[in-house]
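The values are calculated or read from the model by the stated rules, or taken from the named source; none is laboratory data. Computed from a predicted structure; not experimentally measured. We place every Cβ from the backbone using ideal geometry, glycine too, and count neighbours over all the protein chains shown. Ligands, DNA and RNA are stripped out before the accessible areas are found, and what is left, the full protein with its side chains, is counted by its heavy atoms. Shrake-Rupley method; radii C 1.70, N 1.55, O 1.52, S 1.80 Å.
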Amino acid sequence: MTDIDIGSRWGYTKRGYAITQSVRQLRHRSTATLITLLVLGTTFALPAVFWFGSASISQLVNRSVGEESITVYLNLDVTDLEAARLAEQWQGEARIRATTHISRAEALALFQEQTDLDDALAALGANPLPSAVVVYPAIDPNLPGNELVTRVEGLAAALQAQPVVDRVQIDLDWVRKLQSALNLFRVVVSLLAGFLTLTGLLVIGNTIRLELLRRQREREVSTLLGASRSFLNRPIIYTGALYGLLGGAVAAVLATVAYSFIKAPADELAMLYASTFRLSLPTAGQFLTIIAVVTALGLLGAILSLFRPIQGQVPNR
Amino acid sequence: MISFEHVSLAYQTGRFALEDVSFQLKPASFTFLTGHSGAGKSSLLRLIARLEKPTSGEIRVGDIAYSQLKPRQEPGLRRQMGIVFQDNQLLYDRSVFDNVALPLIIGGFRFSEIKTRAMAALERVGLADRYADDPINLSGGEQQRVGIARAVVAKPRILLADEPTGNLDADISEEIMRLLLQFNNSGVSVLFATHDRELLQNYRFPQLVLDGGRITNLGRSPAPARQTAHESVSP
Ligand SMILES: Nc1ncnc2c1ncn2[C@@H]1O[C@H](COP(=O)(O)OP(=O)(O)OP(=O)(O)O)[C@@H](O)[C@H]1O
Ligand SMILES: [Mg+2]
């Protein structure tokens with residue numbers, strides 16, 4: 001027999017046949033496929049954007065806490081020398097990143113700079129301001145924001161308990177407010193992302209159900225020819241995975257584009273708050289994870305659709 | 001080779017398509033299955049192909065008792081059979097070659113084997129030169145021959161033909177009959193459902209005659225067979 005032209009060897013293996021069939025069906029109805037992929041892409045884009053941003057959002061709280069300092073006013077009878085020693089000693093503690101000592105003279109200078117009360121101070125004669133130590137807490141950026149706030153407040157309380165300390169000043173209320181606003185935002189967006197993921201799963205499931213109907217004849221004929229269940233189902237499962245893979249890629253691209261739109265105004269806002277916070281761009285790993293997750297959902301959608309038995313799998317004649 | 005023991009089949013409607021059917025076919029036999037429309041011919045073939053399960057009775061093919069068959073063994077059983085239909089059940093989204101190759105892909109054959117076997121099967125039905133065509137561009141008779149090539153390509157032990165000559169003219173019926181005979185001569189058991197009078201007259205093979213779901217003859221054709229086929233039916 002002369003050589004015949006029948007396409008690739010691979011297309012005639014069980015697996016190759018299944019993949020070839022899937023790809024062929026998708027290409028055959030290219031418009032419908034494209035629309036489905038866009039639907040999947042837009043559906044999964046929002047959860048993806050949120051996920052890209054969520055790491056930055058946790059960072060926002062952590063950094064805000066990290067940039068906060070505790071001002072510790074010492075008793076009036078503590079000398080500048082003693083205060084400087086104290087600052088040095090505290091610096092050695094694990095919970096403390098850095099300390100700055102503000103001597104009584106410096107405190108007075110600062111005070112004068114900031115107020116117009118020169119005359120009143122002069123009237124007092126002596127310097128009424130105590131020595132102070134500014135304490136910068138050590139922050140583990142991997143801890144959740146709540147925990148950080150609690151720890152910093154714990155540190156403040158510990159400092160307050162020292163006999164040499166007169167008063168501790170710290171303002172974490174705004175961080176708490178930010179924290180709860182972000183928590184609310186997180187819950188809302190998570191719910192939204194959950195619904196959208198479910199929608200995506202349903203879209204894939206429905207697409208696969210249609211696919212099953214379209215392939216009915218092929219499935220019937222293959223059954224007659226002795227195809228096993230796995231042979232019948234393999235192209236369907238590959239189709240689900242393929243929709244997931246391509247839909248996931250569309251979602252990842254859309255999310256990255258959307259994210260880059262959000263980044264500029266978000267960074268500007270952060271700058272206005274003098275924060276060093278910046279949205280970080282999605283990494284290649286995150287990009288691929290989105291695709292992997294949507295592919296898995298595609299697989300899941302296909303498998304779930306296959307659970308319902310197809311009526312009349314075999315022609316009746 | 002194939003035996004039915006008191007087999008009945010009732011469809012979900014409650015109607016019995018087959019009632020208390022018993023017969024035996026010897027290996028490598030050629031048997032006609034006849035009877036008027038609705039007599040139960042297709043139902044009987046569907047039972048053999050395990051596309052339907054009997055309501056009662058036992059079916060055996062070789063040493064396989066159908067009552068002992070697990071669902072996952074059914075595909076393997078079907079792979080031992082070739083089935084040809086009146087409506088040829090070709091897939092029109094692929095070439096003639098790919099239609100014939102499908103049972104081999106399902107059977108997990110190697111590529112070189114698939115190529116040789118499929119082309120050999122097409123050769124035998126005289127369509128090797130049409131391997132790359134779309135089946136839709138073939139005539140009814142040619143399509144039926146592709147269906148036969150597909151049915152025999154994996155070398156089944158049994159060939160079930162359900163009115164394969166149904167809507168083809170007499171010349172083509174003859175041609176298809178001769179093809180089936182060829183396969184029978186190479187050792188394949190053929191069970192051929194038909195009510196084509198001409199064929200039944202020209203080829204005096206044993207007949208299973210169904211009427212209202214029951215076998216009405218004793219399995220002998222009325223006159224000696226023209227072909228050299230063995231007496232193959234015993235009630
Ligand atoms: N899926 C089904 N559900 C219910 N009844 C059926 C079904 N298939 C067949 N029947 C009935 O069973 C009986 C036998 O049908 P079958 O198709 O086996 O006959 P047949 O001999 O092949 O007829 P024909 O020569 O017209 O093809 C008929 O009365 C038919 O109406
Ligand atoms: Mg019939």
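Here are the numbers for the structure shown:
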| item | result |
| --- | --- |
| Electrostatic dipole magnitude of region A:93-212 [Cβ: Lys, Arg +1; Asp, Glu -1; Cα centre; debye, to 20] | 680 debye |
| Distant-in-sequence amide H partners of A:Ala98 (H built 1.01 Å from N, under 5 Å) | A:Tyr136 |
| 10 Å Cβ neighbours from other chains, averaged over peptide B:142-154 | 1 |
| Inter-probe distance in nm under a simple model that places probes 7 Å from Cα toward Cβ, at B:Ala170 and B:Ile64 | 3.9 nm |
| Sequence-distant residues sharing a close amide H with B:Phe85 (under 5 Å, placed H) | B:Asp162 |
| Fraction of alpha-carbon pairs over 34 Å apart in chain B - percent | 13 percent |
| Span-rule helices in chain A, defined as complete DSSP H runs reaching 30 Å or more along the axis (Cα) with Kyte mean at least 0.0 | A:30-67, A:173-214, A:229-272, A:284-307 |
| Averaged over B:106-116, number of beta-carbon atoms from partner chains that fall within 10 Å | 4 |
| In the B-A interface, the accessible area buried, summed over both sides, Å² (probe 1.4 Å) | 2900 Å² |
| Residue-averaged beta-carbon neighbours from other chains (10 angstrom radius) around A:226-233 | 6 |
| Net charge dipole size for chain A [Lys, Arg +1 and Asp, Glu -1 on Cβ; Debye, nearest 20] | 3540 debye |
| Cα convex hull volume per residue for chain A (Å³) | 196 Å³ |
| Region A:101-256 - percent relative contact order, Cα under 8 Å, separation 6 or more | 15 percent |
| Leading residue at positive end of dipole, chain B (Cβ point charges), from B:Leu77, B:Ile158, B:Gly126 | B:Leu77 |
| Anchor B:Lys115: lysines whose Cα lies under 30 Å away (excluding residues fewer than 8 positions away in-chain) | A:Lys14, B:Lys155 |
| Top positive-direction residue, dipole computed over chain A with Cβ charges, set A:Ser230, A:Val49, A:Gln179 | A:Ser230 |
| Modelled FRET efficiency - R0 41 Å, B:Ala10 with A:Ala258, Cβ distances, 0.05 increments | 0.10 |
| Gyration tensor (alpha-carbon) shape descriptor, region B:107-160, a/c threshold 1.5 | oblate |
| By average C-beta atoms within 10 angstrom, highest first, the peptides B:134-143, A:246-255 | A:246-255, B:134-143 |
| Residues of the protein assembly as shown: accessible area per residue with a 1.4 Å probe, Å² | 49 Å² |
| Kirkwood hydrodynamic radius of region B:25-162, Cα pairs, Å | 16.1 Å |
| Partners for B:Lys70 among lysines (Cα-Cα distance below 21 Å; same-chain residues under 8 apart left out) | B:Lys53 |
| Over chain B, relative contact order from alpha-carbon pairs under 8 Å, at least 6 apart, % | 29 percent |
| Cα-only radius of gyration and Dmax that characterise region A:161-317, units Å | 25.4, 98 |
| Protection-proxy order for peptides A:19-27, A:110-118, each taking the mean of Cβ atoms within 10 Å per residue, highest first | A:19-27, A:110-118 |
| Antiparallel content of DSSP bridges confined to the protein assembly as shown, in %, to 5 | 65 percent |
| Selection from A:Leu26, B:Ile2, A:Gly240, by position along the positive dipole direction of the protein assembly as shown (Cβ) | B:Ile2 |
| Cα-centre dipole for region B:36-88 with unit charges at Cβ (Lys and Arg positive, Asp and Glu negative), debye to 20 | 140 debye |
| Volume per residue that the Cα convex hull of the protein assembly as shown spans, once the total is divided by residue count, Å³ | 211 Å³ |
